[in-house]
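First comes the structure, then the notes that go with it.
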């Protein structure tokens, strides 16, 4: 089996296509079939919005001594919509920012959110210029040597996208025998296809634009990639309403990572445990679901 690479751009779940697809949407909106081999593909009606849940209600975290926490200085970055960006009033905004504020409300502690360049965040924690990073940090072995992490609060699954007239309700390896499947070359997504979908005709592309254009033109039957970026493309103007998700998400951690967590200074177990406790409470009360639905009109899951 080939050496598996992380998602592109190191420890950051970054996709430039997200920012381009979302810029106008955010400014306007954040405020206020069976196997194709067995029968012809039928148009699948949109499923109800899926909200991911990463917390087991049977494993309630213990409440730590919150009295020892008087303030939490969150750090995020400047421009990664919809997760963090500068709002119309000049203040930090986005999914990560709103989640941070919800956690502080639950802990009942003063909370600040400072925006910094992404590449400076880890050093800022190490030099005590902040307490926690909430900036879509994908947990990796390399980052674990510099930070401790909370439980994941979201993951970036992989999914297939097809043209709307050929949507499949389920995607299995045998369903894609002889199908042309596009993917970005050299990624964990390509490695997964080569390992699991051995009878598909895999075609590698150099970038997202070329990959998606091939699907629009019918040069491939499906494409496979990061579901978060694909969700915003599907819902954006660039797709021209051509395409939709086929099948469900793929979340194997060996290929697609452990997930995204909040990073804290090494050894700061009190803050890490407090944030884990607060995240469970926010999820249990439905506030996480409310946030997710506010920012993700088409779910990656």
Would you confirm whether any residue within segment 239-247 is touching a helix residue (DSSP H, G or I) at 6+ places or on another chain (Cβ under 9 Å) and surrounded by fewer than 17 Cβ atoms within 10 Å (Cβ to Cβ)?
-> yes
Every listed condition ((1) buried (at least 19 other Cβ atoms within 10 Å of the Cβ); (2) under 23 Å from residue 81 (Cα atoms); (3) modelled with pLDDT of 95 or more) holds for residue 210 save (1)
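Select the helices (runs of 4 or more DSSP H) contained entirely in segment 229-301, then report the ones holding at least 3 residues which are out of contact with any strand residue (DSSP E or B) (no Cβ under 6 Å at 6 or more places or on another chain) and under 23 Å from residue 67 (Cα atoms).
Where helices (runs of 4 or more DSSP H) fall fully within segment 229-301 and carry at least 3 residues being out of contact with any strand residue (DSSP E or B) (no Cβ under 6 Å at 6 or more places or on another chain) and under 23 Å from residue 67 (Cα atoms), they are 269-284.
Given segment 104-210, what strands (runs of 3 or more DSSP E) lie entirely inside it while holding 1 or more residues that are more than 26 Å from residue 260 (Cα to Cα)? Full working, then the answer.
Working: elements: 110-116, 132-138, 147-149, 158-163, 180-184, 201-205.
Output list reads 158-163, 180-184, 201-205.
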Picking from 129, 117, 146, the residue that is over 30 Å from residue 182 (Cβ atoms) and touching a strand residue (DSSP E or B) at 6+ places or on another chain (Cβ under 7 Å) would be 117
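Does residue 123 meet the test of being under 22 Å from residue 229 (Cα atoms) and either out of contact with any strand residue (DSSP E or B) (no Cβ under 8 Å at 6 or more places or on another chain) or at pLDDT below 95 (or both)?
The answer is no for residue 123.
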Note on segment 249-275: residues under 13 Å from residue 63 (Cα atoms) and surrounded by fewer than 20 Cβ atoms within 10 Å (Cβ to Cβ) are 269, 270, 273
When you look at residue 109, is it surrounded by 15 or more Cβ atoms within 10 Å (Cβ to Cβ) and over 30 Å from residue 287 (Cα atoms), yes or no? no
The one condition residue 159 fails out of (1) in contact with a strand residue (DSSP E or B) (Cβ under 6 Å, 6 or more places away or on another chain); (2) at pLDDT below 95 is (2)
The one condition residue 220 fails out of (1) assigned to a helix (DSSP H, G or I); (2) assigned by TED's automatic domain parsing to the domain that holds residue 164; (3) crowded, with 18+ Cβ neighbours inside 10 Å is (1)
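The values are calculated or read from the model by the stated rules, or taken from the named source; none is laboratory data. What you are looking at is a predicted structure, and each value in this text was computed from that prediction instead of being measured. Note: ideal-geometry Cβ built from the backbone for every residue, glycine included; neighbour counts use all protein chains shown.
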